[in-house]
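Peer 1: Mind having a look at this structure? Questions to follow.
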Amino acid sequence: MKRNYDLQPGPEHYSCMVDLLGRAGQLDRAWKLIESMKVEPDGAVWGALLGACKIHQNVELAEIAFEKVTDLEPTNIGYYVLLSNLYSDTNNLQGVLRVRIMMRERKLKKEPGCSYLEYKGRLHLFLAGDKGHVQAEEIYRMLNVLENLVAESDEYKNHYQEKRNEELLIALGVHSEKLAISFGLLNTSPGTEIIVIKNLRICEDCHLFIKSISKIVNRRFVVRDATRFHHFQDGICSCKDYW
């Protein structure tokens, strides 16, 4: 950029590089890159580092990134959820409690999850645990069938084999994207691509669920969450399980 085009990299370029290094698990290089920045790192830069720390379970660096990013964006609930999830993944219950207390003190509330998709010219909106849709009974029946199928997959069993029962029950909550996917499968013909819009970052359980379903029912699903597009097909997601 500098040599060929006389362009100085801005925060947006650094955030992309931090994201790339994070994907490769090179968190030390990502940290050194941030330290060498000629411009002040913004929320996107620190958020990219925090996301990478969550994926690779680097608690020490995550806490630094969290402190920096919440100084810049103190009301962005997503960063608190990321750190809380990291603490949960590493069995740090004190950390989870500390984040929850911090959110309560700052009067931050997680936005209710909702997903929608278009069918025959109409938008169909689903909230987490929603039973208000006219096809609710059929949707839940379909979801129950799908979850039983997914529960038999090796990847799903391996993922949850170390989870305690109560944690598993929480993880398997009826999130809005599962309802939207079930509705789509009920009402569209085989082979039809199903596109779902989600207002929050898709959770780990729903991501694994949709990956598995895409292979089981041989469908392509596109989920646009608060972070990026996820293209699910043949049991694989375009994000390569990094989001």
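The values are calculated or read from the model by the stated rules, or taken from the named source; none is laboratory data. All values derive from a computational prediction rather than experimental measurement. All Cβ positions, even for glycine, are placed from backbone atoms using ideal geometry, and neighbour counts span all protein chains on display. Ligands, DNA and RNA are excluded from the accessible area calculation, which covers all protein heavy atoms including side chains. Shrake-Rupley method; radii C 1.70, N 1.55, O 1.52, S 1.80 Å.
Peer 1: Pairs only if they're at least six apart or on different chains, beta carbon under 7 angstrom, first in the range 221-243 and within 17 Å of Tyr156 (Cα to Cα), second small (Gly, Ala, Ser); list them, first residue then second.
Peer 2: Phe232/Ser214; Gln233/Ser214; Asp234/Ser214; Gly235/Ser212; Gly235/Ser214
Peer 1: Out of the range 129-155, which residues are in contact (Cβ under 8 Å) with a residue 12 or more places away in the chain, open to solvent by less than 60 Å² (accessible area, probe 1.4 Å) and of a type in the set (A, V, I, L, M, F, W, C)? Don't jump to the end; show me each part of the working.
Peer 2: Taking the range 129-155 and keeping what is in contact (Cβ under 8 Å) with a residue 12 or more places away in the chain, we get 129-130, 133, 135, 138-140, 142-143, 146-147, 149-150, 153, 155.
Then keep just the ones that are open to solvent by less than 60 Å² (accessible area, probe 1.4 Å); that gives 129-130, 133, 135, 139-140, 142-143, 146-147, 150, 153.
Ile139, Met142, Leu143, Leu146, Val150 - these are the residues of the range 129-155 that are in contact (Cβ under 8 Å) with a residue 12 or more places away in the chain, open to solvent by less than 60 Å² (accessible area, probe 1.4 Å) and of a type in the set (A, V, I, L, M, F, W, C).
Peer 1: If a residue has to be touching a strand residue (DSSP E or B) at 6+ places or on another chain (Cβ under 7 Å) and not hydrophobic (A, V, I, L, M, F, W, C) to count, how many in the range 115-132 make the cut?
Peer 2: Pass one, the range 115-132, residues touching a strand residue (DSSP E or B) at 6+ places or on another chain (Cβ under 7 Å): 115-117, 123-127.
Now narrow it down to the ones that are not hydrophobic (A, V, I, L, M, F, W, C): 115-116, 124.
Looking only at that region, the number is 3.
Peer 1: Here's something else I'd like to know. Within the set of pairs 6 or more residues apart or between chains, which connect a residue that is farther than 12 Å from His230 by Cβ inside the range 183-208 to a residue that is open to solvent by 40 Å² or more (accessible area, probe 1.4 Å) and part of a strand (DSSP E or B) with Cβ atoms less than 9 Å apart?
Peer 2: If the second residue must be open to solvent by 40 Å² or more (accessible area, probe 1.4 Å) and part of a strand (DSSP E or B), the pairs left are Phe183/Tyr119; Gly184/Tyr119; Gly184/Ile195; Asn187/Tyr119; Thr188/Tyr119; Asn199/Tyr116.
Peer 1: Which residue out of Ile77, Ile64, Ile34 is modelled with pLDDT under 95, surrounded by 13 or more Cβ atoms within 10 Å (Cβ to Cβ) and aliphatic (A, V, I, L, M)? Before you say what the answer is, go through the steps one by one.
Peer 2: Numbers: Ile64 fails: modelled with pLDDT under 95; Ile34 fails: modelled with pLDDT under 95.
Among Ile77, Ile64, Ile34, only Ile77 is modelled with pLDDT under 95, surrounded by 13 or more Cβ atoms within 10 Å (Cβ to Cβ) and aliphatic (A, V, I, L, M).
Peer 1: If you don't mind, there's one more thing I want to ask. Considering only residues of the range 176-210 that are surrounded by 23 or more Cβ atoms within 10 Å (Cβ to Cβ) and charged (D, E, K, R), which is nearest to Asp154 (Cα to Cα)?
Peer 2: Residue satisfying both the conditions and the ranking: Lys178.
Peer 1: When residues of the range 37-58 are filtered for being touching a Ser or Thr at 6+ places or on another chain (Cβ under 7 Å), within 17 Å of Val99 (Cα to Cα) and either among the hydroxyl-bearing types (Ser, Thr, Tyr) or surrounded by 17 or more Cβ atoms within 10 Å (Cβ to Cβ) (or both), how many remain? Step through it out loud before you land on a result.
Peer 2: Start the filter on the range 37-58 by keeping residues that are touching a Ser or Thr at 6+ places or on another chain (Cβ under 7 Å), which leaves 44-45, 48, 57.
Those still in the list that are within 17 Å of Val99 (Cα to Cα) too: 57.
Okay, now just the ones that are also either among the hydroxyl-bearing types (Ser, Thr, Tyr) or surrounded by 17 or more Cβ atoms within 10 Å (Cβ to Cβ) (or both), so none.
Final tally of qualifying residues: 0.
Peer 1: Would you confirm whether any residue within the range 107-122 is small (Gly, Ala, Ser), open to solvent by 30 Å² or more (accessible area, probe 1.4 Å) and either modelled with pLDDT of 95 or more or part of a loop (DSSP other than H, G, I, E, B) (or both)?
Peer 2: Just the residues of the range 107-122 that are small (Gly, Ala, Ser), to begin with: 113, 115, 121.
Among the residues that remain, those that are also open to solvent by 30 Å² or more (accessible area, probe 1.4 Å) are: 121.
Narrowing the set further to residues that are either modelled with pLDDT of 95 or more or part of a loop (DSSP other than H, G, I, E, B) (or both) leaves 121.
Checked against the condition, which is being small (Gly, Ala, Ser), open to solvent by 30 Å² or more (accessible area, probe 1.4 Å) and either modelled with pLDDT of 95 or more or part of a loop (DSSP other than H, G, I, E, B) (or both), the range 107-122 yields at least one hit.
Peer 1: Could you tell me whether Thr70 is of a type outside the set (Phe, Trp, Tyr), in a loop (DSSP other than H, G, I, E, B) and under 23 Å from the mean Cα position of the chain (by Cα)?
Peer 2: Numbers: of a type outside the set (Phe, Trp, Tyr): yes; in a loop (DSSP other than H, G, I, E, B): no; under 23 Å from the mean Cα position of the chain (by Cα): yes.
Against the criterion (of a type outside the set (Phe, Trp, Tyr), in a loop (DSSP other than H, G, I, E, B) and under 23 Å from the mean Cα position of the chain (by Cα)), Thr70 does not qualify.
Peer 1: Inside the range 80-103, can you point out the residues that are open to solvent by 30 Å² or more (accessible area, probe 1.4 Å), part of a helix (DSSP H, G or I) and closer than 22 Å to Asp241 by Cα?
Peer 2: Val81, Asn85, Ser88, Asp89
Peer 1: Can I ask one more? State the number of residues belonging to the range 231-243 that are out of contact with any Ser or Thr (no Cβ under 6 Å at 6 or more places or on another chain) and open to solvent by less than 10 Å² (accessible area, probe 1.4 Å).
Peer 2: 2
Peer 1: Would you be able to tell me the number of residues in the range 206-243 that are polar (S, T, N, Q) and within 27 Å of Leu21 (Cα to Cα)? First the steps, then the outcome.
Peer 2: Filtering the range 206-243 down to residues polar (S, T, N, Q) leaves 212, 214, 218, 227, 233, 238.
Among the residues that remain, those that are also within 27 Å of Leu21 (Cα to Cα) are: 227, 233, 238.
The qualifying residues number 3.
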